[in-house]
């Protein structure tokens, strides 16, 4: 027995409420983030990730309060992403009780920011979030996209992941924009390619529709952790069910 | 009213340590302080830490916490967490070699860039990040009071690339396996220290903090 593979429920938070869109449209309200985080903690979530999908600064304040509230009741690692652009943003979230921050767009526009953040706060709290889309099949190639998958950058996803680790990223949160919200499973080829290219943990994200998808992400995708949102929010499955299913598939989990 | 002081030397997330202590503190006041005089007055002391050891050590020295730790460890329970544990050893290989406080004999080593699972040969990622089983060490004097009510081999949350190698095995309070068997907790006299983060280890972590608030040292 050794290190367990992690299950990370992700809460997309908009103006203090948990929402989940299907490919960034059709946003459904899934409830109060503090209540949901507490439920996931009880069910055995290994970490919780909050993605702040709001744009206005007033709503950022709301997010800080959500993190504060959760951190005083839930004693597992908390990651916050969305709108992390400056050193002060990181400090604010860590002070509120977050353990890690996920940097996405800001890393693309200013890779030095990742370096600066890792030097200041340590690699252990810097997650670089990568949104990738397949741009060619043979040879398989993926490219980094920003703005919720709308804007191509011309950057190769594998090269980018390596560069971000060199710059100090302690973990990679990898989302397949092709799969996000589709419920047909992770992009396993992408996940595996990135996981094998870097020596830091990779969290697979985007496309989970059933519990077998989680096991595939670990076994075939070589992910160190799996992230899912909607299958947990709307009561389709509990975290505990997910872990039992993964254990049956021969994956080491924390039960 | 007892007090527990969390040493604030400006590194990382002390709030989660303070919040976890507050969640289990009965008749104990939790303070977070960067003032050695205030910390000195507390009944129990926690030295947390994240990030790189060189920066941690330079801040610890600048604020005079190296002296304070040497002094209080003689007569008060002291808990080191993660880099706060590593800082208690003599030296670390991190940042090209860093001198540490040195109240515990031994050094801090790196997992290496080619760590492998001894059974499968698979490459293991560094940092060692996530929930791993902590094997409590049989101590000569019987089970350590810090493990009271915590089932052996419980999983705790780790995130680190360096690990402690005490000079004598008697110091080992727990071990963990990740490519190699490494020290997950050490103890000597009034000092107890963990490589994992109890504040992020859900109920088992809170149980360890509750035990610390009851422990009067050796």
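The values are calculated or read from the model by the stated rules, or taken from the named source; none is laboratory data. Because the structure is predicted, anything quoted here is derived from the model rather than measured. Methodologically, a virtual Cβ is constructed for each residue, glycine included, from the backbone with ideal geometry; neighbour enumeration extends over all protein chains shown.
The table for this structure:
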quantity	calculated
Qualifying residue in the stretch B:195-205 (condition: free of Cβ contacts under 8 Å to residues at least 60 places away in the same chain and either surrounded by fewer than 18 Cβ atoms within 10 Å (Cβ to Cβ) or more than 9 Å from every other protein chain (Cβ to nearest Cβ) (or both))	yes
Residue within the stretch A:196-203 that is under 23 Å from residue A:160 (Cα atoms), within 14 Å of another protein chain (Cβ to nearest Cβ), under 14 Å from the mean Cα position of the chain (by Cα) and without any contact (Cβ under 8 Å) to a residue 60 or more places away in the chain present	yes
Inter-residue pairs, beta-carbon under 7 Å, first within 14 Å of chain A (Cβ to nearest Cβ) and in the stretch B:166-180, second assigned to a strand (DSSP E or B) and surrounded by fewer than 19 Cβ atoms within 10 Å (Cβ to Cβ), 6+ apart	B:175/B:135; B:175/B:181; B:176/B:135; B:179/B:116
Residue count, the stretch B:128-143 (criterion: in contact with a helix residue (DSSP H, G or I) (Cβ under 9 Å, 6 or more places away or on another chain) and assigned to a loop (DSSP other than H, G, I, E, B))	4
Leading residue by the ranking (surrounded by the most Cβ atoms within 10 Å (Cβ to Cβ)) among those in the stretch A:62-97 that are within 14 Å of another protein chain (Cβ to nearest Cβ) and assigned to a loop (DSSP other than H, G, I, E, B)	A:77
Some residue of the stretch B:83-91 being more than 14 Å from chain A (Cβ to nearest Cβ), in contact with a strand residue (DSSP E or B) (Cβ under 8 Å, 6 or more places away or on another chain) and surrounded by fewer than 21 Cβ atoms within 10 Å (Cβ to Cβ)	yes
Any chance residue A:100 is within 12 Å of chain B (Cβ to nearest Cβ) and under 18 Å from residue A:205 (Cα atoms)	yes
Considering residues of the stretch A:217-255 that are crowded, with 23+ Cβ neighbours inside 10 Å and assigned to a helix (DSSP H, G or I) only, the residue modelled with the lowest pLDDT	A:232
Residue satisfying condition, being more than 14 Å from every other protein chain (Cβ to nearest Cβ), touching a residue at least 40 places away in the same chain (Cβ under 8 Å) and more than 19 Å from residue A:217 (Cβ to Cβ), within set A:153, A:175, A:182	A:153
Options A:59, A:26: the member that is away from every other protein chain (no Cβ under 12 Å), out of contact with any helix residue (DSSP H, G or I) (no Cβ under 7 Å at 6 or more places or on another chain), at pLDDT below 95 and under 27 Å from residue A:182 (Cβ atoms)	A:26
Odd one out for residue B:218, checked against (1) under 15 Å from the mean Cα position of the chain (by Cα); (2) modelled with pLDDT under 95	(1)
Selected residue (criterion: farthest from the other protein chains (Cβ to nearest Cβ)) from residues of the stretch B:105-127 that are under 19 Å from residue B:193 (Cβ atoms) and not in a strand (DSSP E or B)	B:105
When residues of the stretch B:128-144 are limited to those that are buried (at least 19 other Cβ atoms within 10 Å of the Cβ) and either out of contact with any strand residue (DSSP E or B) (no Cβ under 7 Å at 6 or more places or on another chain) or closer than 18 Å to residue A:197 by Cα (or both), the one farthest from the other protein chains (Cβ to nearest Cβ)	B:128
Residue B:150, sole failed condition from (1) in a loop (DSSP other than H, G, I, E, B); (2) more than 29 Å from residue A:226 (Cα to Cα); (3) in contact (Cβ under 8 Å) with a residue 24 or more places away in the chain	(2)
Matching residues in the stretch A:110-127 - criterion: being touching a strand residue (DSSP E or B) at 6+ places or on another chain (Cβ under 8 Å) and more than 14 Å from chain B (Cβ to nearest Cβ)	A:113, A:114
Elements of type helices (runs of 4 or more DSSP H) in the stretch B:1-64, at least 1 residues being within 14 Å of another protein chain (Cβ to nearest Cβ)	B:14-24, B:53-62
Residues (within 13 Å of residue A:85 (Cα to Cα) and either free of Cβ contacts under 8 Å to residues at least 12 places away in the same chain or in a helix (DSSP H, G or I) (or both)) located in the stretch A:116-134	A:116, A:117
